[in-house]
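Below is one structure; the comments refer to it alone.
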Amino acid sequence: MFLIHPPLAKAAEPPAGIAALAGYLRQHGAPCTQVDANLEAQLWLMDLAQDPDDTWSGRALKHRQKNLAALRTPSTYANLDRYQRAVRDCNRVLELAASRRPELSLNLANYEDKGLDPLASNDLLAAAREYASNLFFPWYQLHLGPLIEERTPQCIGISLCYLSQALCTFSLLGFLRATFPHIKLILGGGLMTSWMSHPQWRNPFANLVDHCIAGPGEKPLLALLGLQAQHDAAAPDYSNLPLGRYLAPGPILPYAASRGCYWNKCTFCPEPAEQSHYRPIAAKTVVEHLQRLCDQCKPALVHLLDNAVSPILMEALCEQPPFAPWYGFVRFNEQLADPDFCRRLKSSGCVLLKLGLESGSQDVLDAMHKGISLELVERVLAALQQAGIATYVYLLFGTPSESVTEARQTLEFTLRHHEAITFLNLAIFNMPVGGVDARTLTGKPFSGGDLSLYQDFDHPRGWDRRSIRTFLDREFKRQPEIATILRRDPPFFTSNHAAFFSSQGFASNEVRKRRYPGVAYGKITGGSDTLGQKNPLVIGKIE
């Protein structure tokens with residue numbers, strides 16, 4: 001079997017989806033080949049860029065290999081200016097490679113075609129029919145096709161996780177169907193799961209794709225290969241993915257310890273609408289997997305992919321650290337309000353936690369069933385700051401219960417606690433189709449496509465998207481303390497690279513060297529901001 005991660009998405013870390021599938025299949029004796037077409041096709045495309053028409057483009061093109069090497073070098077992350085320049089120059093080369101296609105817009109994190117809507121099944125099928133017009137078709141033809149001919153797989157599985165991958169995925173499907181008509185094509189992944197969870201889903205891809213899979217694909221794939229499941233959990237397998245070629249200062253190891261969310265009550269989230277159930281892997285098994293994977297892969301960083309890392313797992317990681325720095329998304333809870341626990345968490349290797357605050361208004365938090373209090377949030381932020389664990393805080397504006405009054409409360413809360421917030425993500429609420437709010441509010445489609453997962457709506461308090469953007473641009477972002485935080489965010493890679501700019505590290509120099517001998521640390525210098533913290537550190541693997 002072939003497992004393919006298609007373009008285009010951030011190429012900072014290996015794809016967790018096909019690694020998890022490979023681990024499960026191989027545990028059951030089913031051979032498979034993993035192909036990160038996203039990484040390889042982006043690097044190939046950068047090599048094709050030519051004919052710069054301005055000084056910046058010429059400089060970026062001339063130094064593209066130097067800049068790619070810089071993004072794989074720990075010392076680059078010790079200087080914010082140097083890091084940002086390398087990222088933006090690499091992105092400029094990618095843009096330059098598509099400059100002769102004015103209908104295309106692409107960067108290190110996105111791919112758009114002005115003539116095709118990735119949320120319209122007819123346009124996706126058109127992308128499949130006209131596969132030769134896709135920017136990455138030559139790579140499919142020159143590199144992927146010969147590999148498939150050599151290995152002769154029975155099935156090819158494609159993991160469609162992000163909307164930015166949709167058009168390239170269907171171009172790839174069209175190429176595969178035309179070139180290898182005898183091979184079964186299987187389509188799954190996070191985005192496919194969301195589409196198939198919609199109550200009005202009617203498979204429009206039946207004539208192109210042999211099997212569409214929603215949710216975890218391990219057991220369905222095994223059944224398609226005629227094998228019976230013997231095990232419930234297997235560690236992901238990254239053994240034939242090019243860990244040294246990703247755009248990061250060392251291998252990042254993504255790992256999902258659960259599927260779904262253990263809270264699963266927030267009204268703004270699509271998870272309840274998709275009826276996604278929480279399925280955790282036993283904490284003991286997770287710890288064993290992580291320790292074994294860290295021993296095998298020697299990662300610079302472990303990325304826990306859970307919607308929210310559970311308190312049980314955090315306790316287990318404190319007891320048995322994974323032997324590598326790690327970060328993940330968590331909920332504000334009493335466990336994290338305990339300074340002693342946060343110090344233990346830091347000693348386990350935790351360098352950054354992503355936290356969904358959403359709002360600085362208690363009324364808004366209660367209306368969205370967030371299940372947290374601002375008093376708790378204050379204590380958690382203080383405890384994490386004391387422990388030296390960086391924070392990546394998510395704010396959500398424009399939910400049905402919010403007006404400009406509550407938005408200003410969020411502004412005031414953020415200003416009061418800006419010293420405990422390392423990074424910020426600002427978003428405007430999109431109403432999930434089929435969500436709780438959609439039952440009472442009048443929805444308006446963002447797209448004419450039949451696959452849209454979100455919609456606009458008539459805000460009950462008149463707090464429309466234009467008003468929100470005006471508030472964010474003219475009030476929120478103009479506060480010096482907040483502007484400083486926003487300037488820290490790594491361009492394009494955002495939270496995927498943020499942990500390499502952690503606030504204070506996680507142990508004394510002696511403990512670092514003893515516990516993490518392959519990890520380099522250094523102060524961040526330069527740039528428009530040096531994180532404003534004592535002893536900011538950069539973490540990366542030394543080759």
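The values are calculated or read from the model by the stated rules, or taken from the named source; none is laboratory data. What you are looking at is a predicted structure, and each value in this text was computed from that prediction instead of being measured. No Cβ is skipped: glycine too gets one built from the backbone with ideal geometry, and neighbour counts run over all protein chains shown. These area figures cover heavy atoms from the full protein model, side chains too; ligands, DNA and RNA do not enter into them. Shrake-Rupley method; radii C 1.70, N 1.55, O 1.52, S 1.80 Å.
Please give the helices (runs of 4 or more DSSP H) falling wholly within the stretch 308-416 in which 1 or more residues are in contact with a Cys (Cβ under 6 Å, 6 or more places away or on another chain) and surrounded by fewer than 22 Cβ atoms within 10 Å (Cβ to Cβ). Here the list reads 339-347, 374-387.
For (1) at pLDDT 95 or above; (2) open to solvent by less than 50 Å² (accessible area, probe 1.4 Å), each residue gets a yes or a no:
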position: 70; (1), (2): yes, yes
position: 80; (1), (2): no, yes
position: 85; (1), (2): yes, no
position: 90; (1), (2): yes, yes
position: 99; (1), (2): no, no
position: 105; (1), (2): yes, no
position: 115; (1), (2): yes, no
position: 118; (1), (2): yes, yes
position: 137; (1), (2): yes, yes
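Among the residues making up the stretch 16-31, those that are open to solvent by 10 Å² or more (accessible area, probe 1.4 Å) and part of a loop (DSSP other than H, G, I, E, B) are 28, 29, 31. Residue count for the stretch 49-66 satisfying the condition of being free of Cβ contacts under 8 Å to residues at least 24 places away in the same chain and under 26 Å from residue 249 (Cβ atoms): 3. The residue that is farthest from residue 296 (Cα to Cα), among those in the stretch 231-273 that are open to solvent by 40 Å² or more (accessible area, probe 1.4 Å) and not in a loop (DSSP other than H, G, I, E, B), is 272. Among the residues of the stretch 393-421, not one is within 23 Å of residue 502 (Cα to Cα) and touching a Pro at 6+ places or on another chain (Cβ under 9 Å). Within the stretch 480-499, residues that are farther than 17 Å from residue 355 by Cβ sit with their Cβ atoms under 7 Å from residues that are of a type in the set (S, T, N, Q), at 6+ positions apart or across chains, in these pairs: 487/528; 491/84; 492/91; 492/107. Looking at the structure I just gave you, is residue 111 of a type in the set (Ser, Thr, Tyr), under 27 Å from residue 91 (Cβ atoms) and part of a helix (DSSP H, G or I)? Here the answer is no, as residue 111 does not meet what is asked.
Being closer than 18 Å to residue 268 by Cβ, part of a loop (DSSP other than H, G, I, E, B) and in contact with a Lys or Arg (Cβ under 8 Å, 6 or more places away or on another chain) is the requirement here; does residue 460 meet it? No.
Being part of a helix (DSSP H, G or I), at negative phi and in contact with a strand residue (DSSP E or B) (Cβ under 9 Å, 6 or more places away or on another chain): is that true of residue 83 here? The answer is no for residue 83. The listed residues are 199, 204, and the only one of them that is in a loop (DSSP other than H, G, I, E, B), modelled with pLDDT under 95 and either of a type in the set (S, T, N, Q) or open to solvent by 10 Å² or more (accessible area, probe 1.4 Å) (or both) turns out to be 199. Every listed requirement among (1) within 24 Å of residue 129 (Cα to Cα); (2) open to solvent by less than 60 Å² (accessible area, probe 1.4 Å); (3) not hydroxyl-bearing (Ser, Thr, Tyr) is met by residue 217 save one, (1). Just one of the listed residues (293, 374, 317, 345) is of a type outside the set (Asp, Glu) and closer than 30 Å to residue 454 by Cα, namely 374. Across the stretch 139-162, what is the number of residues that are open to solvent by less than 60 Å² (accessible area, probe 1.4 Å) and closer than 22 Å to residue 98 by Cα? Qualifying residue count for the region: 3.
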